[in-house]
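All remarks here apply to the structure that follows.
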Amino acid sequence: MLKEMLRIRRLEEKSAELYQAAKIRGFLHLYIGEEAVAVGAMQALQPQDAIVATYREHGHALARGVSADAIMAEMYGKVEGCSRGRGGSMHLFDAATRFYGGNAIVGGGLPLAVGLALADKISGRQQVTACFFGEGAVAEGEFHESMNLAALWNLPVLFCCENNLYAMGTALTRSESETDLCLKATAFEMPAWPVDGMDVIAVEWATKKAAVAVRSGGGPHFLEFRTYRFRAHSMYDPELYRDKQEVEEWKKRDPIPNLIEHLKQQNLWQDDYWARMEAEVAREIDQAVEFAEAGHWEPVDELTRFVYSEEKR
Ligand SMILES: Cc1ncc(C[n+]2csc(CCOP(=O)(O)OP(=O)(O)O)c2C)c(N)n1
Ligand SMILES: [Mg+2]
């Protein structure tokens, strides 16, 4: 799990650099600081489960098993990317790992997750759909409609709310009359637990417990992961809405050094682990950049392909 978090951190640091160099264009939202949520949760899910995420999804895709090569090429807009370069950073998609995006619309992933879970239920498949979304989504009608139908129809959805306290520049306390998000879920008679989203072990444990309940017919569950993004909302954000001191306080809870500290306390740490891990991850990220650089642009005459689905014969 430590290595998975490091892979995400280094991939995103490199992405920010490439964005400054105009190699990556469009929007770019970094997950740095929140890695424990995607990594802990993915550990607790199974290959047959489905994942739905937001535009802040590089970490979820990587932890789910989409390759760094395919993610980087997608961000470059190359055909070798996981969405053929047509989606970019916000629209990573990969059918092989059942990774259903990458959704740019706030709250837009929730109805998709409910639909996927409805299909699973009708077909009698014991699969979980894990749906990640920010706390900003709770202000959307889609959130309430999706939660209601999932509960009413007892669907196998695991709602994973990533509460990083801000929706762009709007603090949760400025937009919601009730800021206890678990209470919103219990209003739909859905079991809901708050989880320390900076602690990867706590995330894995809670997700496992919830996923077992969902998989065995216990209906939808809601997890509120309390987390924090260390970087700006996206690449354009002067961050005038939060104190630098607040960011510094949260950085003390960085999930990566915290896990190392935990491993040391448990006598599970050896001094050469870190250097080895860094070297392996650096190689992987360098290779992903090379792969993306060597990739191809979609030929112009392919531009309208996929506007309509192709006829199956
Ligand atoms: C329906 C909709 N409204 C507004 C936006 C613009 N927008 C993009 S990200 C964002 C904030 C969402 O915050 P949150 O859900 O907390 O996720 P976070 O960015 O913190 O991960 C907004 C308002 C959008 N993408 N979709
Ligand atoms: Mg947020």
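The values are calculated or read from the model by the stated rules, or taken from the named source; none is laboratory data. As the structure is a prediction and not an experimental result, all values here were calculated from the model. All Cβ positions, even for glycine, are placed from backbone atoms using ideal geometry, and neighbour counts span all protein chains on display. In case anyone asks, the SASA skips ligands and DNA or RNA and just uses the protein heavy atoms, side chains included. Shrake-Rupley method; radii C 1.70, N 1.55, O 1.52, S 1.80 Å.
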Fill in: Answer from Arg7, Arg86 - the residue that is more than 13 Å from Ala292 (Cβ to Cβ), in contact with a helix residue (DSSP H, G or I) (Cβ under 6 Å, 6 or more places away or on another chain) and either surrounded by fewer than 24 Cβ atoms within 10 Å (Cβ to Cβ) or of a type in the set (Val, Ile, Thr) (or both)
Arg7
Discussion item. Just the residues that are open to solvent by 50 Å² or more (accessible area, probe 1.4 Å) and small (Gly, Ala, Ser), please, taken from segment 12-25.
Written reply: Ala21, Ala22
Worksheet item: So which residues in segment 174-229 are within 14 Å of Cys161 (Cβ to Cβ), touching a His at 6+ places or on another chain (Cβ under 9 Å), assigned to a helix (DSSP H, G or I) and of a type in the set (Gly, Ala, Ser)?
Response: Ala185, Ala210
Discussion item. Please go through segment 133-180 and give me each residue that is under 16 Å from the mean Cα position of the chain (by Cα) and more than 14 Å from Thr227 (Cβ to Cβ), ordered by number.
Written reply: Ala137, Val157, Leu158, Phe159
Item to complete: Could you tell me whether segment 215-233 includes any residue that is within 16 Å of ligand 2 (Cβ to nearest atom), open to solvent by 30 Å² or more (accessible area, probe 1.4 Å) and modelled with pLDDT of 95 or more?
Response: yes
Worksheet item: Is there a residue in segment 107-130 that is more than 21 Å from Pro156 (Cβ to Cβ), of a type in the set (S, T, N, Q), away from ligand 2 (no atom under 16 Å from the Cβ) and under 16 Å from the mean Cα position of the chain (by Cα)?
Response: no
Worksheet item: Just for segment 124-170: of the residues that are within 16 Å of ligand 1 (Cβ to nearest atom) and of a type in the set (S, T, N, Q), which one is most open to solvent (accessible area, probe 1.4 Å)?
Response: Thr170
Item to complete: Please indicate, with yes or no, whether at least one residue in segment 158-166 is of a type outside the set (Gly, Ala, Ser), over 28 Å from Pro238 (Cβ atoms), more than 16 Å from ligand 2 (Cβ to nearest atom) and assigned to a helix (DSSP H, G or I).
Response: no
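Filter segment 151-175 for residues that are over 18 Å from Thr54 (Cβ atoms) and either free of Cβ contacts under 8 Å to residues at least 40 places away in the same chain or touching a Gly at 6+ places or on another chain (Cβ under 9 Å) (or both) and give the result.
Once the filter is applied, which keeps residues that are over 18 Å from Thr54 (Cβ atoms) and either free of Cβ contacts under 8 Å to residues at least 40 places away in the same chain or touching a Gly at 6+ places or on another chain (Cβ under 9 Å) (or both), segment 151-175 yields Ala151, Leu152, Trp153, Asn154, Leu155, Pro156, Thr173, Arg174.
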Item to complete: Go through Ser89, Ser15 for me and flag whichever is in contact (Cβ under 8 Å) with a residue 12 or more places away in the chain, polar (S, T, N, Q) and away from ligand 1 (no atom under 15 Å from the Cβ).
Response: Ser15
Discussion item. Looking at segment 57-69 only, could you name the residues that are surrounded by 22 or more Cβ atoms within 10 Å (Cβ to Cβ) and either assigned to a helix (DSSP H, G or I) or on the phi > 0 side of the Ramachandran plot (or both)?
Written reply: His58, Gly59, His60, Ala61, Leu62, Ala63, Arg64, Ala68
Worksheet item: Considering segment 232-259 alone, what residues qualify as being farther than 23 Å from Met5 by Cβ and either touching a Gly at 6+ places or on another chain (Cβ under 6 Å) or assigned to a helix (DSSP H, G or I) (or both)?
Response: Tyr241, Lys244, Gln245
Discussion item. I'd like to check something: does segment 102-123 contain any residue that is in a loop (DSSP other than H, G, I, E, B), away from ligand 1 (no atom under 16 Å from the Cβ) and in contact with a helix residue (DSSP H, G or I) (Cβ under 8 Å, 6 or more places away or on another chain)?
Written reply: no
Response to the item:
If you go through Ala16, Ala36, the only one that is within 18 Å of Ala206 (Cα to Cα) and either among the aliphatic types (A, V, I, L, M) or part of a loop (DSSP other than H, G, I, E, B) (or both) is Ala36
Worksheet item: For Lys184, all conditions in the list (1) open to solvent by 60 Å² or more (accessible area, probe 1.4 Å); (2) within 16 Å of ligand 1 (Cβ to nearest atom) hold save one; what is the number of the exception?
Response: (1)
Worksheet item: Do the conditions hold for Ala150, that is, is it more than 16 Å from ligand 2 (Cβ to nearest atom) and small (Gly, Ala, Ser)?
Response: yes
